[in-house]
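Everything on this sheet refers to the single structure shown next.
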Amino acid sequence: MALHGLPLFFVLNLFLMLVPHHAYGFWDPSPDVGLCESSVRMYGYKCHEFNVKTQDGYILGLQRIPEGRNASGDSGVKPPVLLQHGVLVDGMSWFMNAPEQNLPMILADKGFDVWIANTRGTRYSRRHAYLQPSQSEFWNWSWDELVAYDLPAVFEHVQNQTGQKLHYVGHSLGTLTALASFSEGLLVNKVKSAALLSPVAYLSHMKTALGVVAAKTFVGEVSTFFGLAEFNPRGEEATRFLKYVCAQPGVNCYDLLTAITGKNCCLNTSTVNLFLKNEPQSTSTRNMVHLAQIARDRVLAKYNYGNPSFNVMHYGSIKPPVYKLSNIPPKLPLFISYGGQDALSDVQDVQQLLDELKLHDVLKLTVQFVKDYAHADFIMGVNAKDIVYNQVHKFFTNHRF
């Protein structure tokens, strides 16, 4: 499944219409049923729910799996690790496979104190100190705000609870926000190491006409096409957008899965069905526009308001400031894993990221290339444990101090 990149909603809407999805298990997409109750405790793991308030007033759901299933009362200090999902999904996206195959439970069983983040606007993070999701002001943000507010709030909470620096795992948008944060010197004193799966820093080489058309549409026509601040992938506007984009010349929507993400090698039907029962989640339309700007402008910069005077008002310059990834501290341990079949986190774009990191300490940078993997294999591949997750665990162990 295509599940964590710029045009995810295309896949989801078509599959929701065409694919029979009879999911197994006890998952319930309702926000009234917490992630711990629906996805973790049923397998014998302890799980705790937290609420974290950001500096700009959003109340984020955060879950903790403090130990493995067979911890047997082990009271030793466990290193904390935070998992950050991609766009248009939430923390539940890490739990689509069985406990022996999903990353949070694998890390918990290996002795980590696991924390699951949920971005503002998603199922468990739709509250604010004084705004309601029905108000357009609630959705007045892009991934800049995730860098400035969401990640710092969650990092601070985990560090306050554990008294330790933490390891970090991001997928897709979860890698973009981390890279942008590290480039500005944020959070680097709170993190031991970071594992970036299907990293997104640039989107200039998406190998899909569908993605290119979507990006151009979001940048050029979004204000008139939607007129809404919330982008709800299950809503009427998204369905209308899907029909519009699929009607464009050169766009083949017959096989959206391959067309958007590349050919995922290692997903099974039950995983896809379970995903469709629980996702996608809302984000802000402005966030989607900001992602599209990366593809259009070929530079990693803050949100462009489209009007020089607005940019001057917000940034003091006509153009938005650039996130300089070369400013990431060279001794910050980074693990980067990317796939040869990924149509979103394209190999050329990842190479551009790696070029930005060319002065990084070679002892602190581990790069894994998985020839057969596409975008979703990294988070839901049935063999991801053997191919990727064991390497993530090894990397964290090597950088535990």
Practice prompt. Along Cα→Cβ, 7 Å out, is where each label goes; now give me the distance between the ones at residue 401 and residue 355 in nm to one decimal.
Written response: 3.8 nm
Item to complete: Could you list which residues have their amide H under 5 Å from that of residue 370, counting only those 5 or more apart in sequence or on another chain, with H placed in the peptide plane?
Response: 338, 339, 340
Practice prompt. May I ask you to evaluate 6.51 cos²θ - 1.76 cosθ + 1.60, the Karplus curve with θ = phi - 60°, for each residue of the range 330-347 and list the ³J(HN,Hα) values in order in whole Hz, giving x for glycine and proline?
Written response: x, 9, 6, x, 10, 10, 10, 10, 9, x, x, 10, 7, 8, 9, 8, 5, 4
Worksheet item: If you project the alpha carbons of the range 270-401 onto their three principal axes, what span does each projection cover, largest first, in Å?
Response: 52, 42, 28
Discussion item. Please give the Cα centre distance for the range 39-102 versus the range 256-331, rounded to the nearest Å.
Written reply: 24 Å
Worksheet item: How large is ³J(HN,Hα), in whole Hz, for each residue of the range 314-328 in order, when computed from phi with the Karplus curve 6.51 cos²θ - 1.76 cosθ + 1.60 and θ = phi - 60°, using x for Gly and Pro?
Response: 8, 10, x, 8, 5, 9, x, x, 8, 7, 8, 5, 5, 7, 4
Worksheet, complete the sentence: Taking R0 as 35 Å and r as the Cβ-Cβ distance between residue 69 and residue 160, the FRET efficiency 1/(1 + (r/R0)^6), rounded to the nearest 0.05, comes to 0.85
Discussion item. As an exercise, identify the chymotrypsin sites (Phe, Trp or Tyr not before Pro) in the range 255-345 lying in DSSP coil whose Cβ has no more than 16 other Cβ atoms within 10 Å.
Written reply: 305
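Provide the gained length on full extension for the span residue 131 to residue 390, in nm with one decimal, where the gain is 0.36 nm per separating residue minus the Cα-Cα distance.
Length gained, residue 131 through residue 390: 89.0 nm.
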Item to complete: At most 12 other Cβ atoms within 10 Å and a DSSP loop assignment: could you name the trypsin sites (Lys or Arg not before Pro) in the range 353-389 that fit?
Response: 358, 371
Practice prompt. With an 8 Å cut-off on Cα pairs and a minimum separation of 6 or more residues, tell me the relative contact order of the range 38-398 in percent.
Written response: 20 percent
Worksheet item: Given a Förster distance of 41 angstrom, what is the FRET efficiency for residue 372 paired with residue 322, based on the Cβ-Cβ distance and rounded to 0.05?
Response: 0.75
Discussion item. Positive end of the dipole of the range 38-398, charges at C-beta (+1 Lys, Arg; -1 Asp, Glu), about the Cα centre: which of 63, 312, 96 has its Cα farthest in that direction?
Written reply: 63
Worksheet item: In terms of modelled amide H atoms, which long-range or inter-chain residues lie less than 5 Å from the amide H of residue 230?
Response: 285
Worksheet, complete the sentence: Rounded to two decimals, the Rg over Rh value of the range 51-203 from Cα coordinates and the Kirkwood Rh reads 0.96
Worksheet item: Which residues' amide hydrogens lie under 5 Å from the amide hydrogen of residue 46, considering only partners 5 or more residues apart or on another chain, with H built in the peptide plane?
Response: 67
Item to complete: Taking the Cα atoms of the range 38-398, report the difference between the largest and smallest coordinate on each principal axis, in whole Å and largest first.
Response: 58, 45, 44
Item to complete: Mind scanning 192/324; 78/385; 165/302; 110/192; 53/190; 331/371 and naming the pairs with a C-alpha gap bigger than 24 Å?
Response: 165/302; 331/371
Discussion item. Take residue 37 and residue 59, extend 7 Å from each Cα along the Cα→Cβ direction, and tell me the distance between the two endpoints in nm.
Written reply: 1.6 nm
Worksheet item: Which FRET efficiency value, to the nearest 0.05, do you get for residue 100 and residue 348 by plugging their Cβ-Cβ distance into 1/(1 + (r/R0)^6) with R0 = 41 Å?
Response: 0.75
Response to the item:
Along the range 289-296, Karplus-curve 3J(HN,Hα) (6.51, -1.76, 1.60; θ = phi - 60°) to the nearest Hz, with x for Gly and Pro, reads 5, 4, 4, 5, 5, 4, 5, 6
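Every read-out reported here was derived from the displayed coordinates using simple, explicitly stated rules and does not represent laboratory data. Here the structure is a predicted model, which is why all the values come from computation and not from measurement. A quick note on method: Cβ atoms are made from the backbone with ideal geometry, for glycine too, and the neighbour counts reach across all protein chains shown.
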